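Encoded as structure tokens, the structure appears first; notes follow it.
The values are calculated or read from the model by the stated rules, or taken from the named source; none is laboratory data. All of these numbers come straight from a predicted model, not from anything done at the bench. Because the Cβ atoms are built from the backbone with ideal geometry, glycine has one as well, and the counts that use them run over all protein chains shown.
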């Protein structure tokens, strides 16, 4: 038999707990071998029950504290959440906007929606309402815009108030129709400016249209037309005043715009022809009056304007070939008698010379040069050296071309002044210079020849 530790009720051992009070605490078991052992067991059971109740109480207390913390945190987050104020204001504004929409006050609705904070989590609702308001306003006012021709106003209104035009077929159609009409008006206005020669205004009206409706092939094409019209008018004016160089330079700097425009290219070609003829004519005059260098200067000025012109390049080469050279820069391929080249000499009048040919011998001393039929004029000067002053007798000079006598002066005396000469050597290959002395070695008269220049003439 079991004895309840709380109510001292006795009950069968098969019972799990006291049938009177429901306790599982035993005072003692009558069949226990030791009352002391039973008492010890009862104390241990009581201690175990006490610890169990303490653990349950601790867990409960912790749960309560956690619930309080969570509650405080939730309240704090709610109080400090910026979306709470944003949402509150946004909902109020949206409600006002919806009322204005229902009343057909589209501008007022748009103004209200524009005040909604874009950081609102539900801002998509604002965009939806704004699109409805814009559509409503457009529907209400499009006839007014069209009646006044203010298609620019329609376009700018849509651009300002609709983030994605393509999202609404109705708005997209209104936009496209207005853009087409606006573009038509702008192009017509530009054409009027072109006709009046006001290319700046024509350009301005087109660039403004591009800014409003964006890049457009028709507008871009019209800009090209304006630029080409201005270029054509400018180059024609320059041609008419004879300022061919300016016209050529002006067009060449704008060839990317000119492209294949036949009208401009025709005027350019005419200017080039006139300018080329003028340059060549000026070069001829310069050559005749001042020599090849002056002619080259004219040709080079022309090439600065038309650097790739084949005719001017040919003229340049021709004048470069006219550059005179010293005969003494060519080595004589044969000599006869005694000749000498001196770098310095004075004549009987005290004049100084450089690069002088001296010849000794009464029968003549000579040098022969191969000039390759490249030149048509030989110039030079015959002088009497200071050391032949007062000499008697007569000296002479002869010049041959391919064996034919081209020049002769056999009457040179001691008081002969410097004598320039010019010889036509066209077609000559072998040029022979012969110097004849007069008198003996003590009193001889030796003619000198200097400044021997080979030239090509045109």
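Determine which member of the set 212, 226, 248 is part of a helix (DSSP H, G or I) and at pLDDT below 95.
On inspection, the qualifying residue turns out to be 212.
Scanning region 251-264 for residues that are in a helix (DSSP H, G or I) and either more than 25 Å from residue 187 (Cβ to Cβ) or not assigned by TED's automatic domain parsing to the domain that holds residue 301 (or both) turns up 251, 252, 255.
Could you say whether any residue in region 399-421 is under 14 Å from residue 364 (Cβ atoms), without any contact (Cβ under 8 Å) to a residue 12 or more places away in the chain, out of contact with any helix residue (DSSP H, G or I) (no Cβ under 8 Å at 6 or more places or on another chain) and surrounded by fewer than 17 Cβ atoms within 10 Å (Cβ to Cβ)? Yes, region 399-421 contains at least one residue that is under 14 Å from residue 364 (Cβ atoms), without any contact (Cβ under 8 Å) to a residue 12 or more places away in the chain, out of contact with any helix residue (DSSP H, G or I) (no Cβ under 8 Å at 6 or more places or on another chain) and surrounded by fewer than 17 Cβ atoms within 10 Å (Cβ to Cβ). Of the helices (runs of 4 or more DSSP H) lying entirely inside region 101-199, those carrying at least 3 residues that are exposed (fewer than 13 other Cβ atoms within 10 Å of the Cβ) are 124-148, 169-195. For region 397-411, a tally of residues being under 26 Å from residue 344 (Cβ atoms) and at pLDDT below 95 returns 0.
Looking across region 432-458 at every residue that is within 60 Å of the chain's Cα centre (by Cα) and on the phi < 0 side of the Ramachandran plot, the one that is surrounded by the fewest Cβ atoms within 10 Å (Cβ to Cβ) is identified as 457. Here residue 354 passes the criteria (1) modelled with pLDDT of 90 or more; (2) farther than 18 Å from residue 421 by Cα except the one numbered (2).
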